[in-house]
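Asks: Submitted below is the structure of interest, expressed as structure tokens.
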Amino acid sequence: MGEWIMAAELHDRIVAAAYKQRGYSGKEAAQAASFSNLTARHGIKTHNAIKALHLDELFGSKIGGCVPGAKIEKLKSPFRAVQRWNANKKLGQAVGLEAMAAAMKLADRFGIGVVAVDNAFHYLWGGGYVIDAAKQGYIAYTNCTAALAEVVPFGGKFPTLGTNPHSWAFPTSAAIGYPICIDWATSTVAMGRVQQFVRENKPLPPGCAVDETGRETTDATKVKALLPFGAHKGYGLSLIDELVAAFIGGSLPTLRSRWSQGSPDEKRTPAFYFQAISPRRWTAATSPRSGRRP
């Protein structure tokens, strides 16, 4: 399968038009387009515009899992460096961009800023949010629970966890010319990678996924669930996201995006966690090289 290169302006126009056609506001459409532009420029095929629109088609605006034009509700917080948001199922990329911006503003005041988001719609690639923050001088971190439980626990056969990524980025541009970003799904591969391999008619590497019987498979067309990377270690990191989401206000992972299952009063939406740190607060009162305050 060949590669096609599209002009950035044309890409953004097409993606924004697709979101507007689905009822999203001009601002939301522009945020979705700019985020898909970011993923394309970084070569993130698993979370590009195709994946974003596919996610919205399956779990978003068509069935009420994501609400075009929804307003973020900022809840009371007893801590000045922490904000609590109810996203009201607003477009995930829009929420993610605004939440990281808010975390950076908090870090400017308090050295660290945290934004915890409940009742959200999947924000796609966590690396995009932290890279943007690192370029502005912050140590940034985010994690989220995925739209679906599609990862089996270590030693299991039935999916009970999301792909649940962790994303860190560090402001190292002055030293090496670009920020360092460490970003990973806690499954061996993202489901978007499986979908990519189906499109490209390629087999999966071993140790990535299982079929409907729980047996490992390399046939991308037969994948029903994913395996955690690093056996029990990846499972533990995935569980961290589920526990963080539970403290934020999330519900059972096996009910996420499954609107016809379970009790009607259960939540079925992901949760996000954003953190920005001003590294100047970590340094000594004076720099050992210059003797000046940072």
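The values are calculated or read from the model by the stated rules, or taken from the named source; none is laboratory data. As the structure is a computational prediction, the values presented were derived from the model and not from experiment. So basically every Cβ, Gly included, is an ideal-geometry build from the backbone, and we count neighbours across all protein chains shown. The accessibility values were calculated without ligands, DNA or RNA, using every heavy atom of the protein model including side chains. Shrake-Rupley method; radii C 1.70, N 1.55, O 1.52, S 1.80 Å.
Asks: How do 115-124, 28-37, 81-90 rank on mean C-beta neighbours within 10 Å, highest first? Write out the running numbers ahead of the final one.
Replies: On the way: 115-124: 26.4, 28-37: 22.8, 81-90: 20.2.
My ranking of the peptides, most packed first, is 115-124, 28-37, 81-90.
Asks: Can you pull the Rg over Rh of region 98-166, Cα-only, Kirkwood? List each step's numbers first, then the result.
Replies: Working: Rg = 14.7 Å, Rh = 13.5 Å.
Using Cα coordinates only, the ratio equals 1.08.
Asks: Now for a separate question. With bins 5 Å wide starting at 0, give me the P(r) of region 57-171 over every alpha carbon pair, in whole percents.
Replies: 2, 12, 19, 20, 19, 14, 8, 4, 1, 0
Asks: Another question about this same structure. Any idea what log10 I(q)/I(0) is at q = 0.19, 0.26, 0.30 Å⁻¹ for region 53-112, Debye with uniform C-alpha scatterers and no solvent?
Replies: Normalising to I(0) and taking log10 leaves -0.73, -1.04, -1.21.
Asks: Right, something else. Would region 203-285 count as rounded, prolate or oblate if I go by the C-alpha gyration tensor, calling it rounded below 1.5 in a/c and otherwise prolate when a/b exceeds b/c, oblate otherwise? Before the final figure, lay out the partial values.
Replies: Numbers: a/c = 3.17, a/b = 1.36, b/c = 2.32.
Oblate.
Asks: Moving on to the next point. Report in % the part of the accessible area of the chain that belongs to carbon and sulfur, leaving out ligands and nucleic acids; probe 1.4 Å.
Replies: On the way: 8520 of 14800 Å².
Percent of accessible area from carbon and sulfur atoms in the chain: 58.
Asks: Take the alpha carbon gyration tensor of region 151-239, find the square roots of its eigenvalues, order them as a ≥ b ≥ c, and report rounded if a/c is under 1.5; if not, report prolate when a/b exceeds b/c, else oblate.
Replies: Numbers: a/c = 3.26, a/b = 1.67, b/c = 1.95.
Oblate, since a/c reaches 1.5 and b/c is not below a/b.
Asks: For residue 196, what is the net charge nearby, where nearby means another residue's Cβ is under 10 Å from its Cβ and Lys, Arg count +1, Asp, Glu -1?
Replies: Values: positive: 45, 51, 193, 199, 202; negative: 200.
So the environment of residue 196 carries a net charge of +4.
Asks: Binned at 5 Å from 0, what are the whole-percent values of the Cα-Cα distance distribution for region 77-130, short to long?
Replies: 5, 21, 29, 23, 15, 6, 0
Asks: Taking N as the number of residues in region 1-140, what is its Cα Rg relative to 2.2 N^0.38 Å?
Replies: On the way: Rg = 15.6 Å, N = 140, 2.2 N^0.38 = 14.4 Å.
Scaled against compact globular proteins, the figure is 1.08.
Asks: For the chain, what is the accessible area per residue in Å² when the probe is 1.4 Å?
Replies: On the way: 14800 Å² over 294 residues.
Accessible area per residue: 50 Å².
Asks: Using only Cα atoms, find the angle between the long axis of helix 92-110 and the longest principal axis of the chain, and express it within 0 to 90 degrees, rounded to the nearest 10.
Replies: So the inclination is approximately 20 degrees.
Asks: Suppose we keep just the DSSP beta bridges with both residues in the chain; what percent of those would be antiparallel, to 5? Write down the numbers at each step before the final one.
Replies: On the way: 30 of 36 bridges.
Of all bridge pairs located within the chain, approximately 85 percent are antiparallel.
Asks: Here's a follow-up. Quick check on the chain: helices-only [θ] at 222 nm, where DSSP H runs of length 4 and up contribute -39,500 (n - 2.57) each and the sum goes over total residues. Nearest 500, please. If you can, show how the numbers build up before the last one.
Replies: On the way: 8 runs with 101 residues, N = 294.
Mean residue ellipticity at 222 nm (helix-derived): -11000 deg cm²/dmol.
Asks: Against the longest principal axis of the chain, how steep is helix 126-135, in degrees 0 to 90 to the nearest 10, with axes from Cα atoms?
Replies: 20
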